[in-house]
């Protein structure tokens, strides 16, 4: 009989923590989950899901304002009832919260509401209002996620974060978005698509600098073409002042005392930081990385303290919901299923999508990363740039039509596909299958051997020649298996 209250205690009721808890319960363990706010965590409540709904609303607005007349439709009289849309979005999110909560109950998992902090390696104090409850567990998982990062500068109280974006009751006339990563780019695209005069403030020369240069450069041009004003090389905010008319005036470090402008809202979105401070990790020997606060973990999600584990955004490895879910399930299998002692999650070749306008899909190495690892002589790059057929009958010059851009980065004599990058219509939906192929070790010849689906954007990925040439000019390899049946499985 265990001397602990639970076999497995999960701190954090987000996607990763819940996935791990439910898998542990399947293995017959007594499990509890502690959550301080809303079930589902960042992704469900103030991240992926409401963001995607807003992206879809902005895309619909763009199509009705700009696209439908090219297909012969009369310009519709479209007016967004923002409060109605927000009400329906929030109702859907609440429904998902309830699904998560009910799923825990159905799995026989104990739900505990409150703020958790460690007392010793097997004991956690949970505070709700003025009540303190001590809970013990054999093994403890930290999956508390992160929160928006806020600098200590004058006037930050006049800004909103990505969390606050989803609390807005009405659309602003003008917005200044500060940041250069996923969140800033996506929300700037949403605001612009919904008709807001949108300004994006980036610290360096462009957004998404960690992405392949061709992709981030293409996005930069598209955002500018769509009407987003980009303020570059600003080196961060210096202060924000509230004006008598309620607008916020923004000053940047490199602009001296001259403001870059004022706006109805200033959305500060340069990134997120882990929620580690309240946990009293120092009491149990859980090491955090200097400067960032991320919890140090190995490949098996072990922290530096025995029987204490961590995953998801609090570790800072790959901050994506599906990554946390996969890591949570693998961890529970390793801890509680016989024969799975070496179960772990691979952080290599993780597909990711940015719901920018247009969308970006990417997996694997950038061209620069591949050259740095394998050497320039061992890299071949294939690219394609074209207007999607959707824009075929648009009444505008070909040069003005939005372009889809695709890129394959291949390494070695066999031309192993080590990087795949797409920006354009449908990038979000076409990436998943190519991710499977790359995980299986697909080469350029494997891509070439697949018959294209026509007419689609995705067909370009299986018909590419070297950039600036045709396959005939370069002698690009075409697999002898093109059109042949797939191999039969061994039974």
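The values are calculated or read from the model by the stated rules, or taken from the named source; none is laboratory data. Remember, predicted model here, so these are calculated numbers, not experimental data. Virtual Cβ from ideal backbone geometry, glycine too; neighbours counted across all protein chains shown.
Structure values in brief
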{"read-out": "Test: residue in the stretch 96-103 that is assigned to a helix (DSSP H, G or I), over 25 Å from the mean Cα position of the chain (by Cα), surrounded by fewer than 16 Cβ atoms within 10 Å (Cβ to Cβ) and at pLDDT below 95", "value": "no"}
{"read-out": "Condition met for residue 295 (within 24 Å of residue 116 (Cβ to Cβ) and in contact with a helix residue (DSSP H, G or I) (Cβ under 6 Å, 6 or more places away or on another chain))", "value": "yes"}
{"read-out": "Residues satisfying the stated conditions in the stretch 64-88, i.e. without any contact (Cβ under 8 Å) to a residue 40 or more places away in the chain, surrounded by 14 or more Cβ atoms within 10 Å (Cβ to Cβ) and farther than 22 Å from residue 402 by Cα", "value": "85"}
{"read-out": "Qualifying positions in the stretch 263-282 - over 11 Å from residue 144 (Cβ atoms) and in contact (Cβ under 8 Å) with a residue 60 or more places away in the chain", "value": "263, 264, 265, 266, 267, 268, 269, 270, 271, 272, 273, 280"}
{"read-out": "Test: residue in the stretch 277-285 that is exposed (fewer than 14 other Cβ atoms within 10 Å of the Cβ) and modelled with pLDDT of 95 or more", "value": "yes"}
{"read-out": "Complete set of residues in the stretch 286-302 that are touching a residue at least 24 places away in the same chain (Cβ under 8 Å) and over 24 Å from the mean Cα position of the chain (by Cα)", "value": "286"}
{"read-out": "Residues of the stretch 324-351 satisfying the condition of being touching a strand residue (DSSP E or B) at 6+ places or on another chain (Cβ under 9 Å) and within 25 Å of residue 438 (Cα to Cα)", "value": "324, 328, 331, 348, 349, 350, 351"}
{"read-out": "Number of positions in the stretch 300-317 that are buried (at least 23 other Cβ atoms within 10 Å of the Cβ) and in a loop (DSSP other than H, G, I, E, B)", "value": "4"}
{"read-out": "Scan of the stretch 272-315 for residues that are at positive phi and in contact with a strand residue (DSSP E or B) (Cβ under 8 Å, 6 or more places away or on another chain), ordered by number", "value": "280, 293, 301, 307, 312"}
{"read-out": "Residues located in the stretch 139-155, provided they are assigned to a loop (DSSP other than H, G, I, E, B) and within 17 Å of residue 277 (Cβ to Cβ)", "value": "143, 144, 145, 149, 150, 151, 152"}
{"read-out": "Count of residues meeting criterion [surrounded by fewer than 17 Cβ atoms within 10 Å (Cβ to Cβ) and part of a strand (DSSP E or B)] in the stretch 125-135", "value": "7"}
{"read-out": "Tally, over the stretch 2-46, of residues that are farther than 17 Å from residue 337 by Cα, part of a strand (DSSP E or B) and in contact with a helix residue (DSSP H, G or I) (Cβ under 6 Å, 6 or more places away or on another chain)", "value": "4"}
{"read-out": "Pair list, Cβ under 6 Å, 6 or more apart: the stretch 446-470 residue within 20 Å of residue 362 (Cα to Cα), other residue part of a helix (DSSP H, G or I) and at pLDDT below 95", "value": "465/471; 465/474; 466/474"}
{"read-out": "Wholly within the stretch 318-435, strands (runs of 3 or more DSSP E) carrying at least 1 residues that are surrounded by 15 or more Cβ atoms within 10 Å (Cβ to Cβ), in contact (Cβ under 8 Å) with a residue 40 or more places away in the chain and within 21 Å of the chain's Cα centre (by Cα)", "value": "352-354, 360-364, 404-411, 416-423"}
{"read-out": "Sole exception among (1) surrounded by 15 or more Cβ atoms within 10 Å (Cβ to Cβ); (2) without any contact (Cβ under 8 Å) to a residue 60 or more places away in the chain; (3) over 18 Å from the mean Cα position of the chain (by Cα); (4) not in a strand (DSSP E or B) for residue 198, by number", "value": "(4)"}
{"read-out": "Residues within the stretch 156-174 that are part of a loop (DSSP other than H, G, I, E, B) and in contact (Cβ under 8 Å) with a residue 24 or more places away in the chain, tallied", "value": "9"}
{"read-out": "Those residues of the stretch 269-285 which are assigned to a loop (DSSP other than H, G, I, E, B) and in contact with a helix residue (DSSP H, G or I) (Cβ under 6 Å, 6 or more places away or on another chain), in sequence order", "value": "269"}
{"read-out": "Which listed residue, of 297, 266, 250, is in a loop (DSSP other than H, G, I, E, B) and surrounded by 15 or more Cβ atoms within 10 Å (Cβ to Cβ)", "value": "297"}
{"read-out": "Residue in the stretch 106-124 that is assigned to a helix (DSSP H, G or I) and farther than 23 Å from residue 163 by Cβ present", "value": "yes"}
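Here is a yes/no grid of residues against (1) within 19 Å of the chain's Cα centre (by Cα); (2) more than 24 Å from residue 46 (Cα to Cα); (3) buried (at least 18 other Cβ atoms within 10 Å of the Cβ):
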{"residue": "185", "(1), (2), (3)": "yes, no, yes"}
{"residue": "220", "(1), (2), (3)": "yes, yes, yes"}
{"residue": "238", "(1), (2), (3)": "no, yes, yes"}
{"residue": "272", "(1), (2), (3)": "yes, no, yes"}
